[in-house]
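Quick note: the coordinates plus some simple rules give every number you see, no bench work behind them. All figures in this text were calculated on a predicted structure; none of them were measured in a lab. Please note: Cβ atoms are built from the backbone with ideal geometry, for glycine as well, and neighbour counts cover all protein chains shown.
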Amino acid sequence: MNLGRPRSPFKYMGLIASAIFWTTAALSIAVNPWFDFFRDAFSDLGGPGAGDPWIYNTGLIVAAAFLGLFSMDIIASSSNKLEAVGGAYISISAVFLALIGIYHAGTRPHVFVSTWFFIQAFLGFLIYGLGLALAGGERLGLSYAAVFLAALAGALAAPWPSAAALEAYEIVLLTAGAALYVVGRR
């Protein structure tokens, strides 16, 4: 657990990364009125058919920087190796988030980097939660396992009308994981 160390403001960086994503998406949608949440993917806002795709792509890269800071706080505040490994997975997801902005929709690596962003982030939260459970934080650890299972179930079981709908669901779950970190790790 915390080991009595004072918490840094970096614990909020996951929530800030989420806010940056939603702000970026809203701005991108505003300049791309053709975007249909029930038909398109968020990444279409950064692809070759988008007006001002730099807004979306740059926003993802900036959000990735904040996600990286968040992962460093997780690692620094870890009380065991499993928690630190969870934070490391989240740091890898930050790299993949930046790569989504670099390899935008329409480029060959896009589907790979966007899929692996979500996989790495949710695996990171699951592993971190397992570490918490081993350190005596069973309730919080189970909450992270629930976030992981909800993401997995949503990705595999639910029929989504669009990629954007699934992405929004997954991003809400990632935001919930970041919020759990803020409230659970004082």
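Annotations for the structure displayed:
- The chymotrypsin sites (Phe, Trp or Tyr not before Pro) of the stretch 27-64 that meet both conditions, a loop assignment by DSSP and at most 12 other Cβ atoms within 10 Å of the site Cβ, are 34, 38.
- According to the calculation over all Cα-Cα pairs in the chain, the P(r) per 10 Å bin from zero is 10, 38, 33, 15, 4, 0 %.
- 0 to 90° range, to nearest 10: angle between helix 138-156 axis and the chain longest Cα axis: 20
- Counted by neighbouring Cβ atoms within 10 Å, the residues 156, 130 run from fewest to most as 156, 130.
- Multiplying the residue separation of residue 37 and residue 81 by 0.36 nm and subtracting their alpha-carbon distance yields 11.8 nm.
- Counting charges near residue 34 (Lys, Arg +1; Asp, Glu -1) among other residues having Cβ under 12 Å from its Cβ returns a value of -2.
- For the stretch 9-184, the residue among 85, 67, 9 whose Cα projects farthest onto the positive side of the dipole built from Cβ charges is 85.
- The label point for residue 108 and the one for residue 153, both projected 7 Å from the Cα toward the Cβ, are 3.9 nm apart.
- Length-normalised contact order of the chain in % [C-alpha pairs under 8 Å, at least 6 apart]: 25
- The separation of the stretch 17-35 from the stretch 80-103, counted between C-alpha centres, amounts to 23 Å.
- Charging the Cβ of each Asp and Glu at -1 and of each Lys and Arg at +1, and nothing else, the dipole of the chain about its Cα centre rounds to 640 debye.
- Two-site label geometry, residue 145 and residue 54: point separation in nm, points 7 Å out along Cα→Cβ: 4.8
- Net length gained if the chain between residue 172 and residue 61 were fully extended (0.36 nm per residue, minus Cα distance): 38.1 nm
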